[in-house]
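A short worksheet on the structure shown next.
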Amino acid sequence: MAPPGAIEVEAVTDTTGVTLPDPLAAPIQSNEIYGRRRKHLKNQWGVAAPADSKNFRHKDYDDKPLAKRWDHIISEEARIRKGNSLKKAAKFLGKAGIISLGGGLPSSEYFPFEELSLKVPTIGKFSEAETRESGVTITAGKHDLAKDKSIFDISTAFNYGQGTGAAQLLRWVTEHTELVHSPPYQDWRCTMSIGSTSALDMALRMLSRPGDMILSEEYTFATAVETAAPLGVRVTGIPMDAEGLLPSAMDDILHTWNVSIRGARKPHLLYTVPTGQNPTGATQSLDRRRAIYEVCQKHDIYIIEDEPYYFLQMQPYTGPNAPDVPPPKNHAEFLSSLVPSLLSMDTDGRVMRLDSFSKVLSPGSRVGWVTASEQLTTMYQKHADVSTQGPAGMSQLILFKLLEDHWGHSGYLDWLIHIRLEYTRRRNVILEACERHVPREVVSWKPPMAGMFHWLKIEFKKHPDYPAKPIEDIEEQIFMRVIDHGALVMRGSWFYANSEEEHDTLFFRATYAAAAADRIEEGIRRFGEAVRAEFGLKEENGVGNGKA
């Protein structure tokens, strides 16, 4: 990510201005960000208030190029969708003195909720024990907006809303996106989603048609394939290495695409998880991302950048018993340590980035957001208005109280640094367990740099039943042997981008996200024991451990 210029000036009135410092030059101060905000009338925050994330950006992007138009790939379904005509009336609800007999918005008088209280961590004291001991209780009342206590309350959040999501939280995620990615074109926008799986489904319906093939890593998020299949969309896998998909391989696939052999027109979509990729754990370097973007420009490919693990980029792995790498000293160092996103280098507006709170706060919130050009976010909002209607207001209010009213942008970055260190510790536990218990003769791995997953390669050709049995049967035998030994890992074949394509590699996916450290250790010990038994290798340390 190219840092913004050192100094920018934004108009406050016709005759005054405020200097905007480079956000990476010093620790992020929430009040600094709040001070840059444009002033909004109270009706901006009312029930079902329309919102445009452009109004929440701090920088002026007039010197940047406009996004390319994507009319040539937009589906007929998206082209003819008009959105929810009734919601167009919501813009008049904020008119002073108006008496609404229009929209069917239930009166908050009949919401059986008067107050919502949450106990949350104080900044810098993020552990469960510290939260129990010194956490802060934050409260949302039913009519805080009317009483000028807050811009978001129960009467607003628990009512109907717009497909953009609530303006209050949309402002926060827009500011966060600008702070971290600062997309380098004029007409970028954010809009809320109910999580990235739903966002991907809606994106595919907007940008593909039955019979299409899209590109992805040869091993990819299984749900993405399963989301595409009922739409009549298949996935073709791109070969990978330790840094993820190979740009040269993608270029070759596209350059030699044969419609009669492939049974589909040349792809125009790439679905990729660049950071801590699920299932492989691979993270694309800056140079790799630039090369992928260049191939996409060459072949006019639109990119869906799915990044749930972006902030789970970890400290470098230094090996068993080695000293830990010092954590980031401040917010600037933390942000600059992150591999820049595809969105941050997107001068064409050819990236739709899917962000989510699922992996960093709570999957059950079902709140995320989409960043793309105005053309595509407008279409997305129209779709949301007649389907998902945006994230649950209860979830949005909870996140608003935590992120806006309590932590602010500064506190959220502190939280992200905290979970970076926590996931680094967990990653190190599983790697050190593998060093102790997994037979290197037949299993290999690369330390993941990000995410939740450890990808274990099996040398299946060393299995005593090879080549008499195919790779699928050997994978099944190993999987069931591991189950018999009391552990569960995911079969690599479950993550094939295209199960009909030929595969000559065998992997298993383990996660270090959920279990406690001692359980991770024991699970890997059982896995290693099972692999030794399946391959007929000597038992660990020459001593029989027996089955779990």
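The values are calculated or read from the model by the stated rules, or taken from the named source; none is laboratory data. All values reported here derive from a predicted model rather than from experimental measurement. Note that each Cβ is placed from the backbone with ideal geometry, even for glycine, and that neighbours are counted across all protein chains shown. Just so you know, the surface numbers come from the protein's heavy atoms only, side chains and all, with ligands and any DNA or RNA stripped out. Shrake-Rupley method; radii C 1.70, N 1.55, O 1.52, S 1.80 Å.
For the range 494-521, how many residues are in contact with a Ser or Thr (Cβ under 7 Å, 6 or more places away or on another chain) and within 24 Å of Ala433 (Cβ to Cβ)?
The qualifying residues number 1.
Determine whether Arg519 is in a helix (DSSP H, G or I), open to solvent by 20 Å² or more (accessible area, probe 1.4 Å) and under 20 Å from Glu441 (Cα atoms).
No, not satisfied.
Going by what's in this entry, would Ile80 be described as under 30 Å from Val339 (Cα atoms) and either at pLDDT below 90 or of a type in the set (A, V, I, L, M) (or both)?
no
Looking at the range 225-242 only, could you name the residues that are touching a strand residue (DSSP E or B) at 6+ places or on another chain (Cβ under 9 Å) and either open to solvent by 30 Å² or more (accessible area, probe 1.4 Å) or more than 16 Å from Glu500 (Cα to Cα) (or both)?
Answer for the range 225-242, where residues must be touching a strand residue (DSSP E or B) at 6+ places or on another chain (Cβ under 9 Å) and either open to solvent by 30 Å² or more (accessible area, probe 1.4 Å) or more than 16 Å from Glu500 (Cα to Cα) (or both): Val225, Ala229, Arg234, Pro239, Met240.
Would you point out the residue of the range 243-257, among those that are assigned to a helix (DSSP H, G or I) and over 28 Å from Pro448 (Cα atoms), that is most open to solvent (accessible area, probe 1.4 Å)?
Of everything passing the filter in the range 243-257, His255 is most open to solvent (accessible area, probe 1.4 Å).
Glu115: in contact with a Ser or Thr (Cβ under 8 Å, 6 or more places away or on another chain) and either at pLDDT 95 or above or surrounded by 10 or more Cβ atoms within 10 Å (Cβ to Cβ) (or both), yes or no?
Answer is yes for this residue.
Consider Trp45 against the criteria (1) open to solvent by less than 50 Å² (accessible area, probe 1.4 Å); (2) within 28 Å of the chain's Cα centre (by Cα); (3) at pLDDT below 60: it satisfies all of them except one. Which criterion is unmet?
Unmet for Trp45, out of (1) open to solvent by less than 50 Å² (accessible area, probe 1.4 Å); (2) within 28 Å of the chain's Cα centre (by Cα); (3) at pLDDT below 60: (3).
Determine which member of the set Ser107, Ser53 is under 29 Å from Leu145 (Cα atoms), modelled with pLDDT of 85 or more and within 27 Å of the chain's Cα centre (by Cα).
That would be Ser53, the only listed residue that is under 29 Å from Leu145 (Cα atoms), modelled with pLDDT of 85 or more and within 27 Å of the chain's Cα centre (by Cα).
Criterion first (acidic (Asp, Glu), more than 30 Å from Tyr271 (Cβ to Cβ) and touching a residue at least 40 places away in the same chain (Cβ under 8 Å)) does Glu522 satisfy it?
No.
Considering only residues that are outside any strand (DSSP E or B) and either free of Cβ contacts under 8 Å to residues at least 24 places away in the same chain or under 15 Å from Tyr310 (Cβ atoms) (or both), which ones fall in the range 350-362?
Once the filter is applied, which keeps residues that are outside any strand (DSSP E or B) and either free of Cβ contacts under 8 Å to residues at least 24 places away in the same chain or under 15 Å from Tyr310 (Cβ atoms) (or both), the range 350-362 yields Phe357, Ser358, Lys359, Val360, Leu361, Ser362.
Looking at Pro327, Pro320, Pro340, Pro391, which one is in contact with an Asp or Glu (Cβ under 8 Å, 6 or more places away or on another chain) and either assigned to a loop (DSSP other than H, G, I, E, B) or modelled with pLDDT under 95 (or both)?
One residue alone meets the criteria, Pro320.
Could you grab me the full set of residues in the range 312-338 that are farther than 25 Å from Gln186 by Cβ and open to solvent by less than 30 Å² (accessible area, probe 1.4 Å)?
Leu312, Gln313, Met314, Gln315, Gly319, Pro328, His331, Ala332, Phe334
Quick one: how many residues across the range 121-163 are crowded, with 19+ Cβ neighbours inside 10 Å and assigned to a helix (DSSP H, G or I)?
Of the residues in the range 121-163, 4 are crowded, with 19+ Cβ neighbours inside 10 Å and assigned to a helix (DSSP H, G or I).
Among the numbered criteria (1) in contact (Cβ under 8 Å) with a residue 40 or more places away in the chain; (2) farther than 24 Å from Ser150 by Cα; (3) out of contact with any strand residue (DSSP E or B) (no Cβ under 6 Å at 6 or more places or on another chain); (4) surrounded by fewer than 24 Cβ atoms within 10 Å (Cβ to Cβ), which one does Ala392 miss?
(2)
Does at least one position in the range 265-281 carry a residue that is more than 19 Å from Lys446 (Cα to Cα) and without any contact (Cβ under 8 Å) to a residue 40 or more places away in the chain?
For the range 265-281, residues more than 19 Å from Lys446 (Cα to Cα) and without any contact (Cβ under 8 Å) to a residue 40 or more places away in the chain: present.
What pairs come up if the first residue lies in the range 329-347 and is over 30 Å from Arg69 (Cα atoms), the second is modelled with pLDDT of 95 or more, and their beta carbons are under 6 Å apart, counting only those six or more places apart or on different chains?
Filtered contacts from the range 329-347: His331/Leu413; Phe334/Ile417.
Looking for something over 28 Å from Glu130 (Cα atoms), open to solvent by 20 Å² or more (accessible area, probe 1.4 Å) and either touching a helix residue (DSSP H, G or I) at 6+ places or on another chain (Cβ under 8 Å) or among the β-branched types (Val, Ile, Thr) (or both) - is there at least one such residue anywhere in the range 405-415?
no
How many residues does the range 17-39 hold that are assigned to a loop (DSSP other than H, G, I, E, B), open to solvent by 30 Å² or more (accessible area, probe 1.4 Å) and modelled with pLDDT under 70?
Adding up the residues that qualify gives 6.
Let's see how each residue does on (1) surrounded by fewer than 24 Cβ atoms within 10 Å (Cβ to Cβ); (2) assigned to a helix (DSSP H, G or I):
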{"position": "Ser260", "(1), (2)": "yes, yes"}
{"position": "Lys266", "(1), (2)": "yes, no"}
{"position": "Tyr271", "(1), (2)": "no, no"}
{"position": "Gly281", "(1), (2)": "no, no"}
{"position": "Arg289", "(1), (2)": "no, yes"}
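Restricting the first residue to the range 54-68 and requiring it to be surrounded by 14 or more Cβ atoms within 10 Å (Cβ to Cβ) and outside any loop (DSSP other than H, G, I, E, B), which pairs with a second residue that is of a type in the set (Val, Ile, Thr) and at pLDDT 95 or above meet a Cβ separation below 9 Å and a spacing of at least six or different chains?
As it stands, the answer is Lys54/Thr174; Asn55/Thr174; Phe56/Val173; Phe56/Thr174, since those pairs meet every condition given.
Within the range 479-495, is there a residue that is aromatic (Phe, Trp, Tyr) and open to solvent by less than 60 Å² (accessible area, probe 1.4 Å)?
yes
For the range 183-233, enumerate the residues that are small (Gly, Ala, Ser), without any contact (Cβ under 8 Å) to a residue 40 or more places away in the chain and assigned to a loop (DSSP other than H, G, I, E, B).
Of everything in the range 183-233, just one residue is small (Gly, Ala, Ser), without any contact (Cβ under 8 Å) to a residue 40 or more places away in the chain and assigned to a loop (DSSP other than H, G, I, E, B), namely Gly232.
Testing Thr347 on (1) touching a helix residue (DSSP H, G or I) at 6+ places or on another chain (Cβ under 8 Å); (2) part of a loop (DSSP other than H, G, I, E, B), one condition comes back false. Which one is that?
(1)
Residue-by-condition table, conditions (1) in contact with a Pro (Cβ under 6 Å, 6 or more places away or on another chain); (2) free of Cβ contacts under 8 Å to residues at least 40 places away in the same chain; (3) not in a strand (DSSP E or B):
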position: Pro448; (1), (2), (3): no, no, yes
position: Trp455; (1), (2), (3): no, no, no
position: Lys461; (1), (2), (3): no, yes, yes
position: Pro467; (1), (2), (3): no, yes, yes
position: Asp473; (1), (2), (3): no, yes, yes
position: Trp494; (1), (2), (3): no, no, yes
position: Glu501; (1), (2), (3): no, no, yes
